[in-house]
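Participant: First the structure, then my questions, so here it is.
Only the coordinates and a few stated rules stand behind these numbers; no lab work does. Model, not experiment: these values are computed from the prediction. Cβ placement follows ideal geometry from the backbone for every residue including glycine, while neighbour counts extend to all protein chains displayed.
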């Protein structure tokens, strides 16, 4: 136990002192240019590997429960939106165009959607049905989630974890190849889906998301409508995970109104193609 505590202390110190400053994305038209502090203990490649394993596990569980892509028309809609959005990611990071993108719909009442590192996307049917989303509104949510992946917010959250229990507890107990693989999967899942995003991460993803959708030919003002719908739905019951964290509805809508206006020329240009 004493040795374990010593290892944990050393690992914690490494996370605090050995982080490196990186630029994960280009600023794009909306100008997100913040440098991020990343721990070398978990690399981008490791987290993407873990995400691939975790995503396969989530899909496997949904499939066994008869809840994976049960509505063919809905799945086609979501994947068609993805097909338009994914080519636009090169504006922010060219390498992301070659990610092994996966897009699936899980039958669930939750108002939720997420993207794991490396382009692993999941939409829950509840968010589409309950909010009666248009394709442009689906694009707004998907663009937001893609932005989290582009900015590697999951890896940044791992690096910033203040008590370091996430990294030490998961990676510190892994022994052997299979355990290490599962440990990375658990880490990727927790960092992408299980932990709330910070206000800064949410704002960055909102802004990048409206640029992605505008470049794909979707009216960026649809993002405003999404959050207006979210604000109306937040008083109801059910698993409202997608907007369980800040910023406030009013702040978010105000910021999106500003940035949607900034990228309108990109939308108009995309419409003319």
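Participant: At residue 199 and residue 129, where each label point lies 7 Å from the Cα along Cα→Cβ, what is the point-to-point distance in nanometres?
Facilitator: Taking the simple label geometry, residue 199 and residue 129 are separated by 3.6 nm.
Participant: Follow-up question, since we're still on this one. I'd like the distance separating the alpha-carbon centroids of region 53-72 and region 97-166, in whole Å.
Facilitator: After rounding, the separation between the Cα centres reads 15 Å.
Participant: Taking R0 as 35 Å, what FRET efficiency do you get between residue 273 and residue 22 from their Cβ-Cβ distance, rounded to the nearest 0.05?
Facilitator: Values: r = 33 Å, r/R0 = 0.95.
It comes to 0.60.
Participant: Taking neighbour Cβ counts within 10 Å as the exposure measure, how do 263, 78, 91 sort from fewest upward? The partial results should precede the final answer.
Facilitator: On the way: 263 23, 78 27, 91 19.
The most exposed by this proxy come first: 91, 263, 78.
Participant: What ranking do 123-134, 146-157 get when scored by the average of other Cβ atoms within 10 Å per residue, highest first? Let's see the in-between values first.
Facilitator: Details: 123-134: 19.6, 146-157: 24.9.
Highest mean packing first, the order is 146-157, 123-134.
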